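Each remark here refers to the structure printed beneath this line.
FYI, it's all coordinate maths here, none of it is from the lab. No experiment lies behind these values; they were computed from the predicted model shown. A quick note on method: Cβ atoms are made from the backbone with ideal geometry, for glycine too, and the neighbour counts reach across all protein chains shown.
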Amino acid sequence: MEIRALWPSDDRTAFASGDEVLDLFFHKYAGQNQFRHYLGVTYVAVRERRVLGFATVAPSQIDIDDLPVAARKKMPRYPLPILRLARLAVDRSAQSHGLGSQLLRFVFKLGAKMADDYGCAGVVVDAKPDAINFYAKYGFVACEALEGQSEARPRPTTMFVAMRAIKAASGFPH
Ligand SMILES: CC(C)(COP(=O)(O)OP(=O)(O)OC[C@H]1O[C@@H](n2cnc3c(N)ncnc32)[C@H](O)[C@@H]1OP(=O)(O)O)[C@@H](O)C(=O)NCCC(=O)NCCS
């Protein structure tokens with residue numbers, strides 16, 4: 001399985017995760033957001049030219065008051081740079097085989113690179129209710145009283161994992 005940035009020539013039409021909103025985003029908007037507006041980058045997991053999963057990321061920022069309490073310690077009061085995991089989905093045919101976790105680890109590596117190159121205090125995701133336990137497995141903690149930015153209903157829960165925890169867990173250099 002190869003994970004790489006989306007190419008304009010990738011066939012996105014066959015992808016189906018079972019989540020209509022995520023599928024529509026991938027079919028219609030991932031390409032123009034990346035190639036025309038430069039809003040973020042979608043990374044795809046590809047096997048034999050078929051896209052089986054994707055993760056869309058964009059740099060963002062978060063206020064200290066919006067972090068989980070435990071992550072606020074010794075952080076300054078100006079907006080903190082973070083990497084936002086804006087979308088993550090795996091094709092139904094490939095779910096429950098470790099691909100979601102592989103894509104998440106790939107995003108952690110992108111965050112670690114951003115931390116080393118420009119600064120990145122951690123990774124943030126707006127988790128749908130069904131996916132909260134999935135993200136919690138990988139160290140994400142709910143940000144108190146913060147609702148996700150997406151328009152989805154029910155409102156997603158914003159979750160954060162600190163770069164310190166990502167680097168410690170993955171053996172990245174400090
Ligand atoms: C959520 C999703 C990305 C997970 O990807 P996946 O490839 O099926 O998951 P993996 O096989 O990598 O699972 C890794 C681990 O997380 C667990 N897991 C997977 N989905 C889970 C969920 N929704 N809740 C709790 N745990 C979950 C698996 O049991 C596995 O645990 P294990 O390592 O102890 O065996 C995928 O199911 C999906 O695309 N769902 C529809 C879209 C969606 O909900 N995206 C998230 C939006 S916020």
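Fewest Cβ neighbours within 10 Å first, please rank Y29, Y118 accordingly.
Lowest count first: Y118, Y29.
So which aspartates and glutamates can K128 reach, going by Cα to Cα under 19 Å and dropping same-chain residues fewer than 8 places off?
Hits, sequence-local ones excluded: D19, E20, D23, D66, D91, E144, E147, E151.
Tell me the mean residue ellipticity at 222 nm calculated for the chain from its helices only (DSSP H runs of n ≥ 4, each -39500 (n - 2.57), averaged over every residue, nearest 500).
Rounded to the nearest 500, the figure is -7000 deg cm²/dmol.
Helix 99-117 versus the longest principal axis of the chain: what is the Cα-based angle in degrees, 0 to 90, to the nearest 10?
Value to nearest ten degrees: 50.
Sequence gap at least 6, Cα distance under 8 Å: using those rules, report the relative contact order of the chain to the nearest whole percent.
Relative contact order, the chain: 18 percent.
Can you tell me which lysines have their Cα less than 20 Å from the Cα of K73? Leave out same-chain residues fewer than eight positions away.
Cross-link targets: K167.
Taking 30 Å as R0, compute the FRET efficiency from the Cβ-Cβ separation of E48 and K113 and round it to 0.05.
0.60
Given +1 on the Cβ of Lys and Arg, -1 on the Cβ of Asp and Glu, and no further charges, what dipole in debye does region 2-170 carry about its Cα centre, rounded to the nearest 20?
So the dipole magnitude of region 2-170 works out to roughly 440 debye.
Rank these for me by crowding, S17, S9, going from fewest to most other beta carbons within 10 Å.
Lowest count first: S9, S17.
Of Y38, S101, A165, which is farthest along the charge dipole of the chain in the positive direction, counting Lys and Arg as +1 and Asp and Glu as -1 at C-beta?
Sorting the options by dipole projection puts first A165.
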